[in-house]
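**Student:** Can you read through this structure? Questions will come right after.
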Amino acid sequence: MLQGKTALITGSTSGIGLATAHALAEQGINLVLHGLMGEAEGIALAESFATQYSINTVFDNANLMDSQAIIGLFDRATKIMGSIDILVNNAGIQHTEAIDTFPENKWDAIIAINLTAAFHTIQKSLPGMKANGWGRIINVASVHGLVASLNKSAYVSAKHGLIGLTKAVALECAEQGITVNAICPGWVDTPLINNQINEIAQQQQVEFDQAKYNLVTAKQPLPEMMDPRQIGEFILFLCSDSARSMTGSALPMDGAWTAQ
Ligand code: NAD
């Protein structure tokens, strides 16, 4: 059912986005790969996916802080691939600091990349999805879309906003065969969290692996990081026909973090 459809996964050069790209490619889904990666390296990545999975691929390194670059990405991607059937808004950044000194430029970047970019990509994807009467939009939020933690004001605000956007667009598209969901992971083993682990290692004078364990267990009852592949397979399920009635949901995969 999904074979031959086209997915755009923002931030698919690393972590959760890259794992999701593999999960979708295995089903014969064509891919628009995207992320902050040099052109040559990105093209090589796209070619390796095309060869490994016999799918069509294209790579774009649009900076999601720049709305014109997002428009350019869509113009290029739709010209080469046709419409975007599956949109995974995954790219994100983090900065942890108390609100008192939180830098304005970090606030602006986190809101732009983690929230406003999804507004732009959804707006550009919907005409094609509506014309086809089918679409899947999956926004990678976080447990921090549901609850807060210390020193993450911008990230928590953006992720709560992303869940709000998910609900609003789900309502608007409910009669058009388009589902819109947010997923809310707990700790996932990706480069995004390395700064936080290094800070703990320094503060607590422990090795990286011990700091990682301490970070996970401070909030998450399940004492292990998720593999990015688990999130990719969750996203694949949301693309499936079995999930066609799931829309407007904020779905945790969080080792009981938000059960408390
Ligand atoms: P990552 O750092 O491994 O990957 C981030 C991706 O976003 C990269 O491909 C990067 O190039 C891209 N990106 C960053 N800034 C960009 C910009 N300005 N323009 C274009 N692309 C940009 O991170 P990850 O952990 O895989 O995170 C993916 C998503 O999952 C994020 O939205 C993050 O908030 C969310 N998330 C992660 C965790 C976790 O524990 N790792 C938990 C919950 C939610």
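Conditions (1) open to solvent by 50 Å² or more (accessible area, probe 1.4 Å); (2) basic (Lys, Arg); (3) within 14 Å of the chain's Cα centre (by Cα), marked per residue:
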{"residue": "Cys184", "(1), (2), (3)": "no, no, yes"}
{"residue": "Asn194", "(1), (2), (3)": "yes, no, no"}
{"residue": "Val206", "(1), (2), (3)": "no, no, no"}
{"residue": "Lys212", "(1), (2), (3)": "no, yes, no"}
{"residue": "Leu222", "(1), (2), (3)": "yes, no, no"}
{"residue": "Met226", "(1), (2), (3)": "no, no, no"}
{"residue": "Gln230", "(1), (2), (3)": "yes, no, yes"}
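**Student:** Another question, then. For the stretch 154-189, give me each residue that is touching a Leu at 6+ places or on another chain (Cβ under 9 Å) and among the hydroxyl-bearing types (Ser, Thr, Tyr).
**Tutor:** Residues satisfying the conditions are Ser157, Thr179.
**Student:** Could you please give the count of residues in the stretch 133-155 that are surrounded by fewer than 21 Cβ atoms within 10 Å (Cβ to Cβ) and touching a Gly at 6+ places or on another chain (Cβ under 8 Å)? Please lay out each step first, then the result.
**Tutor:** Step one: filter the stretch 133-155 for residues surrounded by fewer than 21 Cβ atoms within 10 Å (Cβ to Cβ), giving 133-134, 146-151, 153.
Then keep just the ones that are touching a Gly at 6+ places or on another chain (Cβ under 8 Å); that gives 133-134.
Qualifying residue count, the stretch 133-155: 2.
**Student:** Give the residues of the stretch 203-260 that are aromatic (Phe, Trp, Tyr) and in contact (Cβ under 8 Å) with a residue 24 or more places away in the chain, sorted by residue number. Lay out the reasoning, then the answer.
**Tutor:** Going through the stretch 203-260, the residues aromatic (Phe, Trp, Tyr) turn out to be 208, 213, 234, 237, 257.
Within the stretch 203-260, Phe234, Trp257 meet the criteria.
**Student:** Do we find that Gln52 is surrounded by fewer than 17 Cβ atoms within 10 Å (Cβ to Cβ) and on the phi < 0 side of the Ramachandran plot in this structure?
**Tutor:** Details: surrounded by fewer than 17 Cβ atoms within 10 Å (Cβ to Cβ): yes; on the phi < 0 side of the Ramachandran plot: yes.
Yes; evaluated as a whole, the condition is true for this residue.
**Student:** For the stretch 70-107, give me the residue count where each residue is of a type outside the set (Lys, Arg) and under 30 Å from Ile178 (Cα atoms). Lay out the reasoning, then the answer.
**Tutor:** So in the stretch 70-107, the residues of a type outside the set (Lys, Arg) come out as 70-75, 77-78, 80-105, 107.
With under 30 Å from Ile178 (Cα atoms) added as a condition, the list becomes 70-75, 77-78, 80-94.
Qualifying residue count, the stretch 70-107: 23.
**Student:** Of all residues in the stretch 170-213, count the ones that are within 15 Å of Arg244 (Cα to Cα) and in a helix (DSSP H, G or I). Break it down stepwise before answering.
**Tutor:** To start, the set of residues in the stretch 170-213 that are within 15 Å of Arg244 (Cα to Cα) comprises 170-171, 173-182.
After this cut, where a residue has to be in a helix (DSSP H, G or I) as well, the list is 170-171, 173.
Qualifying residue count for the region: 3.
**Student:** Then there is this: Conditions first: (1) touching a residue at least 24 places away in the same chain (Cβ under 8 Å); (2) away from the ligand (no atom under 13 Å from the Cβ); (3) of a type outside the set (A, V, I, L, M). Trp187 passes all but one, so which condition is the exception?
**Tutor:** It is condition (2) that Trp187 fails.
**Student:** For the stretch 1-18, what are the residues that are small (Gly, Ala, Ser) and buried (at least 23 other Cβ atoms within 10 Å of the Cβ)? Walk me through it before giving the result.
**Tutor:** In the first step, residues of the stretch 1-18 are kept if they are small (Gly, Ala, Ser); the result is 4, 7, 11-12, 14-15, 17.
Across the stretch 1-18, the qualifying residues are Ala7, Gly11, Ser12, Gly17.
**Student:** Filter the stretch 54-74 down to residues that are among the acidic types (Asp, Glu), farther than 24 Å from Ile29 by Cβ and touching a residue at least 12 places away in the same chain (Cβ under 8 Å), then give me how many there are.
**Tutor:** Taking the stretch 54-74 as the starting set, the residues that turn out to be among the acidic types (Asp, Glu) are 60, 66.
Retained after the next criterion (residues that are farther than 24 Å from Ile29 by Cβ): 66.
Now narrow it down to the ones that are touching a residue at least 12 places away in the same chain (Cβ under 8 Å): none.
The number of residues fulfilling the criteria is 0.
**Student:** Collect the residues in the stretch 232-260 that are of a type in the set (A, V, I, L, M, F, W, C) and either open to solvent by less than 50 Å² (accessible area, probe 1.4 Å) or under 14 Å from Gln27 (Cα atoms) (or both), keeping them in residue-number order. First the steps, then the outcome.
**Tutor:** Quick first cut of the stretch 232-260, residues of a type in the set (A, V, I, L, M, F, W, C) only: 234-239, 243, 246, 250-251, 253, 256-257, 259.
Of everything in the stretch 232-260, those that are of a type in the set (A, V, I, L, M, F, W, C) and either open to solvent by less than 50 Å² (accessible area, probe 1.4 Å) or under 14 Å from Gln27 (Cα atoms) (or both) turn out to be Phe234, Ile235, Leu236, Phe237, Leu238, Cys239, Ala243, Ala250, Leu251, Ala256, Trp257.
The values are calculated or read from the model by the stated rules, or taken from the named source; none is laboratory data. Please read these numbers as outputs of a predicted model, since none were measured by experiment. No Cβ is skipped: glycine too gets one built from the backbone with ideal geometry, and neighbour counts run over all protein chains shown. Calculation scope for accessible area: heavy atoms of the full protein, side chains included, ligands and nucleic acids excluded. Shrake-Rupley method; radii C 1.70, N 1.55, O 1.52, S 1.80 Å.
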